[in-house]
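Down below is the structure, laid out as C-alpha cells.
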Amino acid sequence: MDLDEFLFYEKKKNKDFLDFEFAEKLGITRHHLSNLRHGKFVPSARLAYKIYIATDKKVDVWKMIIKYYEKKDI
C-alpha cells in the first residue's frame with residue numbers, strides 16, 4: 001500500500017483522523033506530507049522508517065521511492 005492509500009483508508013475508518021496530526025507524528029509539515037504523497041519528494045531513510053512504523057508496517061516505503069524516481073525519469 002502506498003502512503004496516499006493509507007491516508008485515504010484511515011480517513012474512511014476514523015472520521016477524526018487528520019493529515020496534519022499524522023504529519024506532526026512524523027515530525028514534518030502537512031505540506032511536506034502532501035509532497036510525499038504525490039511523489040514530489042523522496043523520504044530520507046529516517047523518515048521512511050518513521051512512516052513504516054507509524055503506519056503499522058502497512059506502507060511500502062519502496063513504492064514511495066520508486067514513485068519519486070519514476071517521475072524524474074532517470
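Output the number of residues of the range 46-60 satisfying the condition of being surrounded by 13 or more Cβ atoms within 10 Å (Cβ to Cβ) and either farther than 15 Å from residue 4 by Cβ or of a type outside the set (S, T, N, Q) (or both). Step through it out loud before you land on a result.
Of the residues in the range 46-60, the ones surrounded by 13 or more Cβ atoms within 10 Å (Cβ to Cβ) are 47-48, 50-52, 54-55, 58-60.
Checking the rest, the ones that are also either farther than 15 Å from residue 4 by Cβ or of a type outside the set (S, T, N, Q) (or both) come to 47-48, 50-52, 54, 58-60.
Qualifying residue count, the range 46-60: 9.
Considering only residues of the range 1-23 that are touching a residue at least 24 places away in the same chain (Cβ under 8 Å) and of a type in the set (Phe, Trp, Tyr), which is farthest from residue 70 (Cα to Cα)?
Checking each candidate, the answer is 22.
Going by what's in this entry, would residue 12 be described as basic (Lys, Arg) and not in a loop (DSSP other than H, G, I, E, B)?
Numbers: basic (Lys, Arg): yes; not in a loop (DSSP other than H, G, I, E, B): yes.
Spelling it out, residue 12 is indeed basic (Lys, Arg) and not in a loop (DSSP other than H, G, I, E, B).
For residue 43, which of the numbered conditions (1) in a helix (DSSP H, G or I); (2) buried (at least 17 other Cβ atoms within 10 Å of the Cβ) fails to hold?
(1)
Of the residues that make up the range 61-74, is at least one part of a loop (DSSP other than H, G, I, E, B), without any contact (Cβ under 8 Å) to a residue 12 or more places away in the chain, loosely packed, with under 13 Cβ neighbours inside 10 Å and among the hydrophobic types (A, V, I, L, M, F, W, C)? Give the derivation first.
Just the residues of the range 61-74 that are part of a loop (DSSP other than H, G, I, E, B), to begin with: 73-74.
Narrowing the set further to residues that are without any contact (Cβ under 8 Å) to a residue 12 or more places away in the chain leaves 73-74.
Next cut, loosely packed, with under 13 Cβ neighbours inside 10 Å only: 73-74.
So of that shortlist, the ones also among the hydrophobic types (A, V, I, L, M, F, W, C) come out as 74.
Checking the range 61-74: at least one residue is part of a loop (DSSP other than H, G, I, E, B), without any contact (Cβ under 8 Å) to a residue 12 or more places away in the chain, loosely packed, with under 13 Cβ neighbours inside 10 Å and among the hydrophobic types (A, V, I, L, M, F, W, C).
Would you be able to tell me the number of residues in the range 24-38 that are over 9 Å from the mean Cα position of the chain (by Cα) and either surrounded by 17 or more Cβ atoms within 10 Å (Cβ to Cβ) or more than 23 Å from residue 70 (Cβ to Cβ) (or both)?
Number of matching residues: 7.
No value in this document is a laboratory result; all are computed from the given coordinates. In this text, all values refer to a predicted model and were calculated from it rather than measured experimentally. Here the Cβ is made from the backbone with ideal geometry for all residues, glycine too, and neighbour counts use every protein chain on show.
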